[in-house]
Amino acid sequence: MPHCELSYSSDLAIDAKAILAEVEACILRHDGGAGETKGRAYPAPVFLHTHLKASVALLAKPHRNAAFTAALQKDLVDVIAAHLPRPCWLSVDITFSSQTYHTEFLE
């Protein structure tokens, strides 16, 4: 299950939940078996320069190679940028969880 964290300057009037939903849809377009994306958003009341950083973490799998990552990053930039006012800095960081990462749904 992927994770997406949005960290952004609080002067941005954005719909973070809508961005997270579109990030999830984008990931699923690239990898239909990725599952639900656990998303969180953190507006920062103290900042220097208007910006948003999206940090996306995925499990490492053989098909998630350099070409996959580059294509996903391009599409994530396009999806997120559509929600942002101008001028605004945008950063998208895709990382892969280590082999010791563990997740489970607790009921």
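Within the stretch 4-34, how many residues turn out to be touching a residue at least 60 places away in the same chain (Cβ under 8 Å) and either in a loop (DSSP other than H, G, I, E, B) or hydroxyl-bearing (Ser, Thr, Tyr) (or both)?
Within the stretch 4-34, residues that are touching a residue at least 60 places away in the same chain (Cβ under 8 Å) and either in a loop (DSSP other than H, G, I, E, B) or hydroxyl-bearing (Ser, Thr, Tyr) (or both) number 4.
Restricting to the stretch 51-74, name every residue that is closer than 19 Å to GLN99 by Cα and either aliphatic (A, V, I, L, M) or not in a strand (DSSP E or B) (or both).
Selection gives VAL56, ALA57, LEU58, LEU59, ALA60, LYS61, PRO62, HIS63, ARG64, ASN65, ALA66, THR69.
Is it the case, given these coordinates, that PRO45 is touching a residue at least 60 places away in the same chain (Cβ under 8 Å), surrounded by fewer than 16 Cβ atoms within 10 Å (Cβ to Cβ) and closer than 20 Å to SER7 by Cβ?
Details: touching a residue at least 60 places away in the same chain (Cβ under 8 Å): no; surrounded by fewer than 16 Cβ atoms within 10 Å (Cβ to Cβ): yes; closer than 20 Å to SER7 by Cβ: yes.
Taking the combined requirement at face value, the residue does not satisfy it.
Is there a residue in the stretch 87-97 that is open to solvent by 80 Å² or more (accessible area, probe 1.4 Å) and in a loop (DSSP other than H, G, I, E, B)?
Yes, there is a match, as at least one residue in the stretch 87-97 is open to solvent by 80 Å² or more (accessible area, probe 1.4 Å) and in a loop (DSSP other than H, G, I, E, B).
Taking the options ARG40, ARG29, ARG64, name whichever one is modelled with pLDDT of 95 or more, open to solvent by 80 Å² or more (accessible area, probe 1.4 Å) and under 16 Å from PRO2 (Cβ atoms).
ARG29
Since LEU59 meets every condition but one in (1) open to solvent by less than 30 Å² (accessible area, probe 1.4 Å); (2) among the hydrophobic types (A, V, I, L, M, F, W, C); (3) at pLDDT below 95, which condition does it not meet?
For LEU59, the failing item is (1).
The values are calculated or read from the model by the stated rules, or taken from the named source; none is laboratory data. Quick caveat: nothing in here was measured; it's all calculated off a predicted structure. Don't worry about glycine lacking a Cβ; one is built from the backbone with ideal geometry, like all the others, and counts go over all protein chains shown. Calculation scope for accessible area: heavy atoms of the full protein, side chains included, ligands and nucleic acids excluded. Shrake-Rupley method; radii C 1.70, N 1.55, O 1.52, S 1.80 Å.
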